Amino acid sequence: MKPLLKSEMESRLATRFGDAIALREKPATEFVSTGLVDIDEMTGGLPRGAITELLGPASSGRTTLLLASLRAATERDEVFALVDANDSFDPASAAGADVGLDRLLWVRCGSDAARALKAVDLLLQSGGFGLVALDLGDISTAGARRIPSSWWHRFRRAIETTPTCLLVIEHEPNARSCASLAIELSNESATWSMSSSSASLSPTCSTLLSGAMFRIARNKPMRVRKREARIQSVASHTP
C-alpha cells in the first residue's frame, strides 16, 4: 500500500473531521524593548509569553537593565509588577530612572524565596501585567538551586498564551529549558571621581562612581550564535 503524503493525510482527515483537526500555526513571538538599544539589537528585546533570565552577580548591571525595562513598560502604558525576594528595590532610584511608580506593584518578600514564588504564581494567574520581574539576585546560589523545577514549568505554562514578559534576575540559570532567552551580565570596569567637597584632600577620600562599562552576552536561544555587547552607564549624584 502506497504511504500517504502528509498533505494527503491532512486533506482526508479534514474532510472527515472538519476544522477540529486543522493544524494551527503558532503565532510569531512578540518582543518588547528592554529600554536599552544595544541589548534590543542583540536580543530582539524581551519575548512576550515567555521567561527571560537575567544572569549576573551584584554590580554587574542587572539593576540598570531592570530599571530600564520598567521604564520601557511605563512608556508602553502597561501595568507591571516587581516581586522583590530580598527587599532590595529602591523606589527613589526607580523614580529617578523615570519608572512610573503609579503603575508598579511592588511585592516585598523579606528574604523568603518560597513566598516570592507564590507571589509570582498569583500575579501570572491573575493576568493583566505587561511585565512581571522576579528579583532573586540576592538569594544565595544554594537557595536558588533548591527551587523545584516544577515552578518554572508552571510559570511557562501560565504565560505562554499571554502578553506577559516574565523577567527573572539570578546569579546563574535556574529556569533553564523553561526560559526562552538568557542574558548574562558582568562588570568590566568602573570610573571613579572625587567629590567637589574633597578636591583638596587625598584622592582616595570621598570618591564617587561616575560610570561603568558592562558586558552583555546572549546565551540563549542556543540555536542562535552567541552574541556580546558592551554598554556604558553613567552614574548621577545628588549634590
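The values are calculated or read from the model by the stated rules, or taken from the named source; none is laboratory data. All values reported here derive from a predicted model rather than from experimental measurement. All Cβ positions, glycine included, derive from the backbone under ideal geometry; neighbour counts span all protein chains shown. Keep in mind that these areas ignore ligands, DNA and RNA; they rest on the heavy atoms of the full protein, side chains included. Shrake-Rupley method; radii C 1.70, N 1.55, O 1.52, S 1.80 Å.
Descriptive notes on the structure:
- Where helices (runs of 4 or more DSSP H) fall wholly inside the stretch 29-108, the ranges with 2 or more residues that are without any contact (Cβ under 8 Å) to a residue 60 or more places away in the chain and open to solvent by less than 10 Å² (accessible area, probe 1.4 Å) are 62-75.
- Selection count where residues are in a loop (DSSP other than H, G, I, E, B) and within 16 Å of the chain's Cα centre (by Cα), scope the stretch 147-161: 1
- Conditions (1) within 14 Å of Glu170 (Cβ to Cβ); (2) over 12 Å from the mean Cα position of the chain (by Cα): number failed by Thr63: (2)
- If you go through the stretch 123-146 and keep only what is among the charged types (D, E, K, R), under 18 Å from Thr63 (Cβ atoms) and outside any loop (DSSP other than H, G, I, E, B), you end up with just Asp135.
- Residue identified as open to solvent by 60 Å² or more (accessible area, probe 1.4 Å) and touching a residue at least 40 places away in the same chain (Cβ under 8 Å) among Gly128, Gly137: Gly128
- When each of Glu188, Glu184, Glu160 is tested for being modelled with pLDDT of 65 or more and within 23 Å of Ala119 (Cβ to Cβ), the lone residue that passes is Glu160.
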